[in-house]
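Trainee: Got a structure for you, written out below as structure tokens; questions coming shortly.
Laboratory data are not the source of any read-out in this text; all were calculated from the coordinates shown. Values in this document were obtained by computation on a predicted structure and should not be read as measured data. For neighbour counting, all protein chains shown are included, and Cβ atoms are generated from backbone atoms with ideal geometry for every residue, glycine included.
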Amino acid sequence: MTAKRTITVDVNGKQYQREVEPRLTLADFLRHELNLTGTHVGCEHGVCGACTILLNGLSTRSCLTFAVQTDGQSVTTIEGLAAPDGTLSPIQQAMAENHGLQCGFCTPGMLMTLTELLRDDPDPDEAKIREVLTGNLCRCTGYTGIVAAARAAARHVRDRAEA
């Protein structure tokens, strides 16, 4: 039996210290140790993107990452996107307004992927948005509303920066 390891990780701006088994995935750590159930587990092979989080600002599959790998790192989950007062982030608001949601299973991963994209490229064209989303599978929407939401959120971010 492998001994547990102590990790300290910043999740959504709050520091946590836990003893974990080395084989515990980050997805399971978030869901079962921290009760942050917004990160969904789909394929458990890194293919569907439902478990996408931001690790030090980069989209990462939490089902393929071990919790021990995040020791001393920063993780942002879907629960960390909204402001502390509950105000939705621009991409969250745009998803609601542009019908980018249906069953909601893929939504957290989509939002995390798009958050990174819009941070790094505030003016992505449709082709770029679709390219970035190739790692996130949605079986309900056909992506039209999701792409429209990403474009609307980009406009909002640009308009706010210009103001």
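Trainee: Per-residue ellipticity at 222 nm for the chain, helices alone: DSSP H runs ≥ 4 residues times -39500 (n - 2.57), over residue total, nearest 500 deg cm²/dmol?
Mentor: It comes out at -9000 deg cm²/dmol, rounded to the nearest 500.
Trainee: Another question, then. For helix 144-162, what angle does its Cα long axis make with the longest principal axis of the chain, in degrees from 0 to 90 and rounded to 10?
Mentor: Around 80 degrees separate the two axes.
Trainee: Report the rotationally averaged projected area of region 5-80 based on its alpha-carbon convex hull, in square nanometres.
Mentor: Computed as one quarter of the Cα hull surface, the answer is 4.2 nm².
Trainee: Which label marks the calculated value of P(r) over Cα pairs in 10 Å bins from 0, in percent, given the options (i) 11, 40, 32, 14, 3, 0; (ii) 10, 28, 24, 18, 13, 7, 2; (iii) 11, 45, 37, 7, 0?
Mentor: (i)
Trainee: With everything on Cα atoms, drop me the angle between helix 107-120 and the longest principal axis of the chain, reported from 0 to 90° to the nearest 10.
Mentor: 70 degrees
Trainee: Right, here's the next one. Considering only C-alpha atoms, what is the centroid distance from region 45-75 to region 114-152, in Å?
Mentor: Computed from Cα coordinates, the inter-centre distance equals 19 Å.
Trainee: Taking the Cα centre as origin and putting +1 on Lys and Arg beta-carbons and -1 on Asp and Glu beta-carbons, what dipole magnitude results for the chain, to the nearest 20 debye?
Mentor: 260 debye
Trainee: Can you run phi through the Karplus equation (6.51, -1.76, 1.60; θ = phi - 60°) for region 85-97 and list ³J(HN,Hα) in whole Hz, with x for Gly and Pro?
Mentor: Along region 85-97, the couplings run 7, x, 4, 5, 5, x, 6, 5, 4, 5, 4, 5, 6 Hz.
Trainee: Quick one: 20, 47, 9, fewest Cβ neighbours within 10 Å first, how do they rank?
Mentor: By the 10 Å Cβ count, ascending: 47, 20, 9.
Trainee: Among 66, 29, rank each residue by its count of other Cβ atoms within 10 Å, from fewest to most, as a rough exposure measure.
Mentor: Fewest to most other Cβ atoms nearby, the residues stand as 66, 29.
Trainee: Order of 118, 36, 58 from fewest to most other C-beta atoms within 10 Å?
Mentor: Starting with the residue having the fewest Cβ neighbours, the order is 58, 36, 118.
Trainee: Given a cut-off of under 8 Å on Cα pairs at least six residues apart, what relative contact order in percent is computed for the chain?
Mentor: The normalised contact order for the chain reaches 23 percent.
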